[in-house]
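Engineer: So that we are looking at the same thing, I have put the structure below in C-alpha cells.
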Amino acid sequence: MKKLYIVANFGEVYLKGQNISFFEKKLFQSLNLKIKKIKHKIKFDKKSGGSFFIKLSEDITNDEINFLEQSIKNTFGFSNYYKAYFAQDFSMESLEKTVLDFLEDFDFSKKEIQTFGVHTEKVSHNDKLKTQNVNVQIGSAVYNFLEKKFGKIKVDLDNPDFVINIKIRNDKVLVFGTPKQALGGLPTGAIGKNIVLLSGGFDSPVASFLAQKRGLETYFAHFHSVPKTDKRSIEKVKELANELVKFQGFGKLFLVPIIDIQKDIVQNAERRYSILLQRRAFLEIAEQISKQYNLEAQVFTTGDSLGQVASQTLENLVTVSEKLDDHNLILRPLITYDKQEILELAKKINTYKISERPHQDACELFVPDKPETRSVLEKVKEEEKNLDKFLIQKAIDNTEVINLKID
C-alpha cells in the first residue's frame, strides 16, 4: 500500500526561534481555511523540522491533490512543497519498491528525459540505510526503469533533466521529485492588520500583495466618484480584491463614495493642492473605517512609487503621511520600484490583465493643470481648514461593504 503525503516546508517561519509555535499556528490556520472542502481526504500527520506532513487518503483524486498543492502554493509562509512517497520501513527492498511506485505514477509526458540523478540526504543516525549504498542500488533501479521507457539514458548529478530525491530521517524515508516553489513570506495575520487603498490601476494591487506577503491581514478600501464616473472602476476593483483575497482566504472590500468631498475641495481649496487633500482624506476615512468596523488596522498601504507622479515627490509623500495617527504606519512597498518592475509583478500575481482594462479613475476627475510638487505641510493644513469635515463621516456612512472569501 502506497503511503502518500504532501510535505509543505516553511520559509522564514522556521527561523522564528522561541516564537515559532505562534507562526506555525497562524500558518496552519491560514492553510486550513482554504482547504475545507477536502479536509475529509487529508490528515495533518505532524509538523517536524520546519515542515507540515499532510497524509493523503487512498481515495483522494488527482484534482483534489492539485487543489491542495495550489492552496499551499498560494499560502504565505511556505517556501516549497512536494508530493512524497514514504517507504514502509528502513530496508533497501522497501525503499526500492517506493522509488518504483514513484516512477510508475510520475507524469513523464511533460518533459523529455535524457539524464537523471539520484540525490540522497541523510538527516538521522539510522545506520540501516547508508547514503552511498542507496545512491548505487537505487540509481541502478532507476536507470533500468528509465532505459526501458526512453531508451538511451545517462546519469548527470550536476544538472539532470529528472531528479529523484531521497531523504532519510529518524522516523521515515521519503522519496520525492523536484520541490515546487511557494510564495514564502509570513503567514496571514502574524504581523498585524492592514487596509490597502485599492484603485483599479497596476500599482496598488501589487503593493497589497507585497504587504500581505509580510504577514499582514489585509482589507481593501476603494474610493469612487460614481455617478460622476461610470461603474467600471468598481467592477475592476471587485475583481482585483477577489484575486488578492485568494492569498489569505477572507477579507472585506469597502466602496467609499467621495464625489461630495472632491467637489468641496474644488470649490473651497487652492486647486494645486486638490490631489494632496484627496489623499489625506482617503487616509482619514481608512482610519475611521478601521475603528468603526473594529478592524484594528495599524498599517495603511498605498501603491506610491517615489517620483512616479506629481503627488509622489518626497515633500508630497511626507505631507500625505502626516494625516495618519502617530501610532499608525503608512506602508509603501513600491517606493523604490520602477514601473516595469511593478508591471512584471502584476503579471505574476494575475492582476495585470484586470488592471490594464480602461476605467475612469476618481483621483483623475479633478486633477489640476499645475499640481503642487513641493508642498509645505502647514500650507496644506491651512487649506484643509476650509473643507467640510462632516463630509468624511457622510462618505463612511454611505460606504458599501462587501465580504470577500474564496470558493
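No value in this document is a laboratory result; all are computed from the given coordinates. Because the structure is predicted, anything quoted here is derived from the model rather than measured. No Cβ is skipped: glycine too gets one built from the backbone with ideal geometry, and neighbour counts run over all protein chains shown.
Engineer: Let me check against my output: what whole-number percent is the relative contact order of the chain, with C-alpha pairs under 8 Å and at least 6 apart?
Structural biologist: Answer for the chain is 17 percent.
Engineer: Mind checking the angle between helix 339-348 and the chain's longest principal axis? C-alpha axes, 0 to 90 degrees, to the nearest 10.
Structural biologist: 50 degrees
Engineer: So, one more: Could you tell me the largest-minus-smallest coordinate of the C-alpha atoms of the chain on each of the three principal axes, in descending order and whole angstroms?
Structural biologist: Over the chain, Cα extents along the principal axes are 84, 40, 34 Å.
Engineer: Could I ask something else about it? How do the peptides 205-218, 234-247 rank, highest first, by the average count of neighbouring beta carbon atoms within 10 Å per residue?
Structural biologist: The packing order, highest mean first, is 205-218, 234-247.
Engineer: OK, next. Output wanted: per-residue J couplings in Hz (rounded whole) for the stretch 29-43, from phi through Karplus 6.51 cos²θ - 1.76 cosθ + 1.60, θ = phi - 60°, x for Gly and Pro.
Structural biologist: Here the 3J(HN,Hα) series is 4, 5, 5, 4, 5, 8, 10, 4, 6, 10, 4, 6, 9, 9, 9 Hz.
Engineer: With charges only on Cβ, +1 for K and R and -1 for D and E, what is the dipole size of the chain about its Cα centre, in debye, rounded to 20?
Structural biologist: 940 debye
Engineer: Another question about this same structure. If the chain between residue 181 and residue 373 were fully stretched, how many nm would it gain, using 0.36 nm times the residue separation less the Cα-Cα distance?
Structural biologist: The span from residue 181 to residue 373 would gain 64.9 nm if fully extended.
Engineer: Let's test the formula: R0 of 30 Å, r as the Cβ-Cβ distance of residue 232 and residue 405. What FRET efficiency results, to the nearest 0.05?
Structural biologist: For R0 = 30 Å, the calculated efficiency reads 0.80.
Engineer: Next question. Could you work out how far helix 274-292 tilts from the main Cα principal axis of the chain, as a 0 to 90 degree angle to the nearest 10?
Structural biologist: 60 degrees
Engineer: Report the one residue of 256, 229, 245 whose Cα lies farthest in the direction of the positive end of the charge dipole of the stretch 193-260 (charges on C-beta: Lys and Arg +1, Asp and Glu -1; origin at the Cα centre).
Structural biologist: 245
Engineer: Compute the Rg to Rh ratio over the stretch 1-85 from the alpha carbon atoms, using the Kirkwood formula for Rh, and round to two decimal places.
Structural biologist: Taking Rh as the inverse mean 1/r over Cα pairs, Rg/Rh reads 0.96.
Engineer: Pairs 111/148; 3/39; 122/148; 128/152; 83/122: which are spaced more than 21 Å apart, C-alpha to C-alpha?
Structural biologist: Long pairs (Cα-Cα over 21 Å): 122/148; 128/152.
Engineer: For the stretch 3-181, what is one quarter of the convex hull surface built on the Cα atoms, given in nm²?
Structural biologist: So the mean shadow area of the Cα hull is 10.8 nm².
Engineer: Compute a Gaussian network model of the chain, connecting alpha carbons closer than 10 Å, and tell me which residue from 302, 75, 61 fluctuates the most.
Structural biologist: Maximum fluctuation in the GNM of the chain, among the listed residues, is at 61.
Engineer: Where both partners of a DSSP beta bridge lie in the stretch 192-405, what percent of those bridges are antiparallel, to the nearest 5?
Structural biologist: Approximately 25 percent, going by the DSSP bridge assignments.
Engineer: Translational D (Stokes-Einstein, µm²/s) of the stretch 192-405 at 10 °C and 1.306 mPa s when Rh comes from the Kirkwood sum over C-alpha pairs?
Structural biologist: D, rounded to a whole number, is 93 µm²/s.
Engineer: Obtain the nm distance between the two label points defined at residue 382 and residue 39 by a simple spin-label model: each point lies 7 Å from its Cα along the Cα-to-C-beta direction.
Structural biologist: 6.1 nm
Engineer: Can I ask one more? If you line up the long axis of helix 203-213 against the longest principal axis of the chain, both from Cα atoms, how many degrees apart are they, to the nearest 10?
Structural biologist: 50 degrees
Engineer: Using a Gaussian network model on the chain with a 10 Å cutoff between Cα atoms, which of 148, 37, 26 fluctuates the most?
Structural biologist: 148
Engineer: List the GluC sites (Glu not before Pro) within the stretch 44-128 that DSSP assigns to loop and that have no more than 10 neighbouring Cβ atoms inside 10 Å.
Structural biologist: Hits after loop and neighbour filter: 58, 112.
Engineer: Same structure again: Name the most mobile residue of 376, 320, 299, meaning the one with the largest mean-square fluctuation, in a Gaussian network model of the chain with Cα contacts below 10 Å.
Structural biologist: Its mean-square fluctuation being the largest, the pick is 376.
Engineer: Within the set of other residues whose C-beta is less than 9 Å from the C-beta of residue 260, count the net charge using Lys and Arg as +1 and Asp and Glu as -1. Please list the in-between numbers first.
Structural biologist: Values: positive: 263, 394; negative: 264, 388.
Net of charged neighbours comes to 0.
Engineer: At a Förster radius of 25 Å, what calculated FRET efficiency corresponds to the Cβ-Cβ distance of residue 136 and residue 111, to the nearest 0.05?
Structural biologist: Calculated transfer efficiency: 0.50.
Engineer: Could you tell me which residue out of 40, 68, 380 lies farthest along the dipole of the chain toward its positive end? Charges go on the beta carbon: Lys and Arg +1, Asp and Glu -1, centred on the Cα centre.
Structural biologist: 40
Engineer: Need one number: % antiparallel among DSSP beta bridges in the stretch 3-181, to the nearest 5.
Structural biologist: Numbers: 27 of 36 bridges.
If I count the DSSP bridges inside the stretch 3-181, around 75 percent turn out antiparallel.
Engineer: Also, quick follow-up: Mind listing the long-range amide H neighbours of residue 80? Cut-off is under 5 Å, sequence gap 5 or more, other chains count too, H placed in the peptide plane at 1.01 Å from N.
Structural biologist: 9, 182
Engineer: Starting at the first residue of the stretch 308-322, write each ³J(HN,Hα) from the Karplus equation 6.51 cos²θ - 1.76 cosθ + 1.60 with θ = phi - 60°, in whole Hz, x for Gly and Pro.
Structural biologist: 5, 9, 4, 7, 10, 6, 4, 4, 6, 5, 5, 4, 5, 4, 4
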